[in-house]
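J.: The structure that follows is given in the form of structure tokens.
The values are calculated or read from the model by the stated rules, or taken from the named source; none is laboratory data. Here the structure is a predicted model, which means the values were calculated and not measured. All Cβ positions, even for glycine, are placed from backbone atoms using ideal geometry, and neighbour counts span all protein chains on display.
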Amino acid sequence: MEDGNQTPRRCGCANPTDKCPDLPRSIHPAKVKPDDALVLDVRRAADFAASHEIIPGAFWKDPEKIDAWIGAVPKTHDVVIYCVRGDAISNDIVDRLHAEGIKARFIEGGIEGYKAAGSKVSRKQGGRP
């Protein structure tokens, strides 16, 4: 019997724990639809500055300054993040976003995996973070 008093989690399930089994931590690069999510580029400043590419519609957020910007990330949107290769930075940022109740996933393989899956990137405007 279902408990009607449980509040649905941010992902929509009624799991009372902080870890939602229905919310994967990552998304396959071929399944990313930049028009359907808030896409955050969380590459380190030096990596971002050295690159000429960005996923269309993405916003760069300095992972070293997450405390300054995390409060502005909406809890009502699907958030997809990426770094260069989808490793430690993406995992750390997803952990922080989940802790704040934000539905977030990282792109498996980062921007490199996204490109390898045949997805298109855009040329960055402005060049420097």
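J.: Which of (1) in contact with a strand residue (DSSP E or B) (Cβ under 7 Å, 6 or more places away or on another chain); (2) of a type outside the set (D, E, K, R); (3) within 17 Å of residue 45 (Cα to Cα) is the odd one out, the single condition residue 89 does not satisfy?
T.: With (1) in contact with a strand residue (DSSP E or B) (Cβ under 7 Å, 6 or more places away or on another chain); (2) of a type outside the set (D, E, K, R); (3) within 17 Å of residue 45 (Cα to Cα) applied to residue 89, the lone miss is (1).
J.: Scan the stretch 29-48 residue by residue and report those that are under 22 Å from residue 69 (Cα atoms) and loosely packed, with under 14 Cβ neighbours inside 10 Å. Steps first, answer last, please.
T.: Of all residues in the stretch 29-48, those under 22 Å from residue 69 (Cα atoms) come to 34-48.
Scanning the stretch 29-48 gives 35, 36, 46.
J.: Loosely packed, with under 12 Cβ neighbours inside 10 Å and either in contact (Cβ under 8 Å) with a residue 24 or more places away in the chain or within 12 Å of the chain's Cα centre (by Cα) (or both): which single residue out of 99, 117, 72 fits that description?
T.: On the way: 117 fails: loosely packed, with under 12 Cβ neighbours inside 10 Å; 72 fails: either in contact (Cβ under 8 Å) with a residue 24 or more places away in the chain or within 12 Å of the chain's Cα centre (by Cα) (or both).
Selected residue: 99, the only one of 99, 117, 72 that is loosely packed, with under 12 Cβ neighbours inside 10 Å and either in contact (Cβ under 8 Å) with a residue 24 or more places away in the chain or within 12 Å of the chain's Cα centre (by Cα) (or both).
J.: Check whether at least one residue in the stretch 90-107 is closer than 22 Å to residue 30 by Cβ, touching a Phe, Trp or Tyr at 6+ places or on another chain (Cβ under 9 Å) and not hydrophobic (A, V, I, L, M, F, W, C), and report yes or no.
T.: The initial filter retains those residues of the stretch 90-107 that are closer than 22 Å to residue 30 by Cβ, namely 90-91, 93-94, 103-107.
Adding the requirement that they be touching a Phe, Trp or Tyr at 6+ places or on another chain (Cβ under 9 Å) leaves 90-91, 93-94, 106-107.
Subset that is not hydrophobic (A, V, I, L, M, F, W, C): 90-91.
The answer is yes; a qualifying residue exists.
J.: Taking residue 40 as meeting all but one of (1) at pLDDT below 85; (2) under 29 Å from residue 115 (Cα atoms); (3) touching a helix residue (DSSP H, G or I) at 6+ places or on another chain (Cβ under 9 Å), write down the number of the exception.
T.: (1)
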